[in-house]
Structures are given as C-alpha cells and as structure tokens.
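Heads up, the thing below is written out as structure tokens.
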Amino acid sequence: WYQCIDKAIRWTDGRLVRMEIAIDITERKEMERMKDEMISAVSHEMHTPLTAMMGFTEFLLENEVDREQQKNCLRTIYKETERLSELISNFLQLQRLRASMVKFRIKPVQVGLLLADAAALYAAASKKHRVMVECPPDVGAVRGNEEQLYQVLSNLISNAIKYSPDGGEVVLGARAGEDAVTFWVKDQGIGIAPEFQEKIFERFFRVDNTDRRKMGGAGLGLTLVREIVAAHGGRVWVESAPEAGSTFYVSLPAMRQSEAA
Ligand code: ADP
C-alpha cells in the first residue's frame, strides 16, 4: 500500500515529467485491518453477556420473585458484568499494545521484587487461596516494561486462582539460567488437556466444559500475556494435565551485570 503525499511537475531533459512522492503505508493498513477485525470479534463476544444481562433484568422486572430467585438472577447479572468488564479491559490493553501506544518504558525489572509484589497483593485479596513465593532473592533482572510484566503475572495468578478449587495453593517461583530468567505460576487446579495447551493462548479461546463455563472470562487474558512476552523477546508455555494442576512458565532474556549498571 502506498499513499501519495506530494505531486510535482518538472522539466527534466526537455520534457515535462509528473512526479509523485508516495510513502509506504502497508504497516498502517495492516494495523487498521487488525483493529477492524478485533472490533468486530469483540462486538460479537459482547453479545452473549449483554443478552444474559438483559434477559435476567427483564425477568426480575416482570415477575414476582422470592429472595432466593432474586439473588440467583443478580448473581448471574454480576458475573456477566464482570465478564464484560474483563473483556473490555483486556481488549483495550491488547489494542494499545498492538498500536504501540504504550510507550515502552524500558528499564531493569527485578524479577524477585515483581513476584513478591504480585504475591502480596493477591494473598491479601484472595481469602480462599494461598499465594506464596519461592524464589532465590538474587534471581536477577530482565529488561522490560514493569507495568506490562506485572500485567503478565497478574493475568497468570488470577487464572491460577480462578481455575483452582477453594483452599488451593498458588506458588510463584523463578530461576536464573545462562541467558534467561524464567518465572512461573503453579496451581493445584483443574489442569488443561494436552490438546488445548497451545490453543489457550489464542484470542477468545476457552476450554469448554461445565466447570469452566461457570467462571467469568473472555479468553483474552492469555493472548495478552503471550503478546507482552513476545514483545519482550521471551516465550510463555504451560505444563499441565487434567486434574493435576498447571504451571505457566515465562522466560525472558536476562540482563547482564554490565547492562544493569
Ligand atoms: P479466560 O480465563 O478469560 O477464559 P484466558 O485467555 O486467560 O481467558 O484463558 C484461556 C483458557 O485457558 C481459559 O478459559 C481456561 O479454559 C484455560 N486456563 C487458563 N489458565 C488456566 C489454569 N491456570 N488452569 C486451568 N485452565 C486454565
């Protein structure tokens, strides 16, 4: 794709020559195409929670219901609202990331501190799960955007909690390798069958079974994780088996001591 930004008519070698200056806008066109595609996919995804919310509200308005029925309807409406809000926030983040509007504020990020901060927050917020860190204090630093890396961790921890029974433990850990720092989020939850372990990173993909359908979610959390990790030159993967818990690993290029100075 090219866009003409200027035109001129010149005498060259005794002839009138018409010149056009064009710039390559292929990348911009591709961005626009991706954005349109995302918007239509998200509008489609919004339809389900909105229909449920409208249906249950209408039911409450038009029927005499007892307290228990009322509570059930409100619970569903609440869950769907949560789902919608998560969908929109993940969508916006993804969009921002793709459009590189988030200025990549790159600096050394200490992985140990990142894990400790996230664990402290989730340990305080989640009363039904234990969130712990097992990580050597000197695991090292990676070069990246702290806010985005925190988002990665936060999406993984909230999934670990969401897909684990009450009372489960979520353990965060990290190790330093030769060129990379790897951290992980391990849960004792429902696990993921091998055939879905790649697919879960795809946009809107959710493993479909009754247990999981009860959980709010839009299937964008792991897509965002994968995009952020890839933008940092790293990779993310999962080791899991049904009913045996899951461990999500994120490996990022390590910063050398000389770089950290
Ligand atoms: P969401 O949780 O909103 O559905 P995600 O993109 O975060 O979307 O996850 C995609 C799917 O991967 C989930 O619907 C779920 O089926 C599966 N999944 C993600 N994390 C876990 C986990 N820790 N344990 C079991 N299943 C998981």
query: By average Cβ neighbour count within 10 Å, what is the ranking of 166-174, 147-155 from highest down?
result: 147-155, 166-174
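Would you kindly calculate the translational diffusion coefficient of the chain, applying Stokes-Einstein with the Kirkwood radius from alpha carbon pairs, for 10 °C and a viscosity of 1.306 mPa s, and quote it in µm² s⁻¹ without decimals?
On the way: Rh = 21.3 Å.
The diffusion coefficient I find is 74 µm²/s.
When the accessible area of the chain is computed with all protein chains present and a 1.4 Å probe, what percentage of it is carbon and sulfur? Show your work: numbers first, answer last.
On the way: 8470 of 15910 Å².
Within the chain, the accessible surface is 53 percent carbon and sulfur.
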- prompt: For the stretch 58-201, what's the radius of gyration and Dmax over Cα atoms, in angstrom?
  reply: 19.2, 66
- prompt: Of the cross-linked pairs LYS79/LYS199; LYS29/LYS199; LYS128/LYS162; LYS71/LYS128; LYS162/LYS186, which ones have a Cα-Cα span greater than 18 Å in the structure shown?
  reply: LYS79/LYS199; LYS29/LYS199; LYS71/LYS128
field: Contour excess over end-to-end distance, with Cα ends at TYR78 and MET38 and 0.36 nm allotted per residue
entry: 11.9 nm
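The values are calculated or read from the model by the stated rules, or taken from the named source; none is laboratory data. Model, not experiment: these values are computed from the prediction. Quick reminder, even Gly has a Cβ in these numbers, built from the backbone with ideal geometry, and neighbours come from all protein chains shown. Protein only, heavy atoms only, side chains kept; ligands, DNA and RNA dropped before computing areas. Shrake-Rupley method; radii C 1.70, N 1.55, O 1.52, S 1.80 Å.
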